[in-house]
Amino acid sequence: MVRWLHISDLHIVKRADWINFEKELIKKCREYEKIDLVIVTGDFHNFSEGDNFCLARDFLQKLLENLELDIERDLFVVPGNHDGVSSVLTKNFFIRSAKNNPFEDTEQWVDGLLVAFEGYENFVRELIPHYPVEHPASVHNRTWRNQINFIHCNTALAADGKEKDKQLLDVDALAETTYMPDMPNILLAHNSFFDLHQKHQQRVKDTIRANSICAYFCGDWHKQEIHEIPLGREEVPCVVSYRSAPDPQDDYSSFGIILGEWEGDLAELRGWSWESGQGFIEDPKITGKSFPMRVEHAQQATSHLDAPNIEELPTKISVDAKSLDPQIEEYTLERLFITNYYQLTRQQCTLFNQKHGDMPLALGVDSRKLSDYVNAAQERGVLSDLVQDLFLVLASD
Ligand SMILES: [Mn+2]
């Protein structure tokens with residue numbers, strides 16, 4: 001099972017409510033066996049704080065550390081309206097013209113408005129070292145451990161604080177982003193789908209259909225909601241998070257967190273609301289809601305293994321290692337490695353490590369650790385070598 005934590009709209013105010021909530025949040029997460037990744041759908045601080053994202057940064061670093069997660073791989077963030085600087089003078093000009101005709105001079109208004117997110121981008125680069133794209137505030141995709149593809153949107157580009165709806169995003173870049181046919185694709189945005197400019201809603205729907213995207217996660221409302229985005233024959237959920245940072249002066253917001261649990265073809269959500277005086281309470285408005293984690297090429301689905309599935313793969317090690325097709329897909333390599341790993345004897349493992357001292361393999365590791373090992377090998381581009389050597393040592397006595 002894969003479990004994510006979806007939080008949003010931090011706007012942290014360091015008072016009793018936040019300080020107590022933060023501790024209880026970590027305890028709540030620990031009640032679960034494991035949280036695998038964290039998603040934050042925007043609004044890390046308030047306008048008034050300018051470029052100062054320290055409270056959010058410290059909190060997220062602490063949270064990921066407490067959940068024993070790798071911040072570089074397991075944290076996914078998108079900007080909210082409070083994360084752009086409103087004082088950029090040209091901003092209002094771009095916003096006015098873009099809202100009147102979002103398809104005219106798109107590149108120009110997108111670039112012009114992105115400038116307002118410089119502080120946010122520096123914050124993301126500081127938080128997540130080696131961030132893979134130049135502009136974390138632009139539309140891009142990032143994959144969670146080869147299992148979920150997250151499409152990051154910036155729907156706060158044209159936020160001017162005047163109107164909640166008619167929000168804009170770069171729909172051209174959205175259509176062009178990399179989608180993964182062999183894993184679930186999920187859109188991350190700050191604003192609800194239903195607050196987007198009508199013309200942009202249509203384009204987002206097209207992109208969702210064309211790429212079999214399975215959900216749209218967002219925040220901004222400060223109230224938890226799930227509404228279906230109709231796509232003709234089918235629909236995908238627009239999941240709106242609570243505000244995830246209590247503030248005693250905020251009587252409007254609902255505070256809380258959403259957990260997603262993905263197993264097989266389905267993701268199930270759990271909502272936990274938090275109120276001063278009572279703490280976390282499970283919220284029937286969210287808990288129990290589910291959606292299909294659609295994958296376009298189902299036969300290539302998920303490499304997440306809870307147990308080795310030996311039947312599906314060649315267990316005979318008589319394959320001539322050298323005959324392995326170098327073009328063989330990474331996915332297959334991954335499965336080959338993981339499945340055959342479980343057949344290693346101690347001696348064979350030692351033999352393997354003699355050649356791969358820089359990536360030592362331990363015996364008896366769980367599927368998560370093994371999956372980490374394989375991902376690391378993939379990143380270094382040595383997985384195919386490792387598979388070949390695994391076969392070689394397995395063929396020896
Ligand atoms: Mn907000």
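The numbers here are math on the coordinates, done by the rules we state, and not lab data. Bear in mind the structure is a predicted one, so any value in this text is a computation, not a measurement. All Cβ positions, glycine included, derive from the backbone under ideal geometry; neighbour counts span all protein chains shown.
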| Of the beta bridges DSSP finds with both residues in the chain, what % are antiparallel, to the nearest 5? | 65
| request: Please list, or write none, the lysines whose alpha carbon is within less than 18 Å of the alpha carbon of K369, excluding same-chain residues fewer than 8 places away. | output: K34
| field | Dipole magnitude of the range 178-290 about its Cα centre (Cβ charges: Lys, Arg +1; Asp, Glu -1), debye to nearest 20 | value | 440
| Nearest-ten-degree value, helix 383-395 long axis tilted from longest Cα axis of the chain | 30
| request: Quick one: what are the phi-derived ³J(HN,Hα) couplings along the range 125-136, Karplus 6.51/-1.76/1.60 with θ = phi - 60°, whole Hz, x for glycine and proline? | output: 5, 6, 6, 10, x, 6, 4, x, 10, 5, 10, x
| task | Past 30 Å, Cα to Cα, is the threshold; run K99/K285; K14/K166; K166/K223; K28/K199 against it and keep the listed order. | result | K99/K285; K14/K166; K28/K199
| note | So for R0 = 35 Å, FRET eff. of E163-H135 from the Cβ-Cβ r, to 0.05, ends up at 0.85
| request: Could you tell me which of L168, S212, F47 has its Cα farthest along the dipole of the chain towards the positive end, charges placed at Cβ (Lys, Arg +1; Asp, Glu -1), taken about the Cα centre? | output: F47
| said: I want the local charge near F93. Using Cβ-Cβ distances under 12 Å, sum +1 for each Lys or Arg and -1 for each Asp or Glu among the other residues. | reply: +1
| query | Residues with beta-carbon under 14 Å from that of A16, excluding A16: net charge, scoring Lys, Arg +1 and Asp, Glu -1? | reply | -3
| request: Determine the dipole magnitude for the chain: charges of +1 sit on the beta-carbon of Lys and Arg, -1 on that of Asp and Glu, nothing else is charged, the reference point is the Cα centre, and the result goes in debye to the nearest 20. | output: 320
| note | Non-local residues with an amide H under 5 Å from the amide H of T143, with H modelled 1.01 Å from N and Pro and chain starts lacking one, are F150
| said: Charges on Cβ only, +1 for Lys and Arg, -1 for Asp and Glu, centred on the Cα centroid of the chain; of F59, S371, L25, which one is farthest towards the dipole's positive end? | reply: L25
| task | Check cross-link reach from K355 to the lysines: straight Cα distance under 19 Å, and skip same-chain residues fewer than eight apart. | result | K322
| field | Folded to 0 to 90 degrees: helix 198-210 orientation relative to the chain principal axis, Cα | value | 10
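Hey, can you rank 196-202, 335-341 by average C-beta count inside 10 Å, highest first?
Top to bottom by mean Cβ count within 10 Å: 335-341, 196-202.
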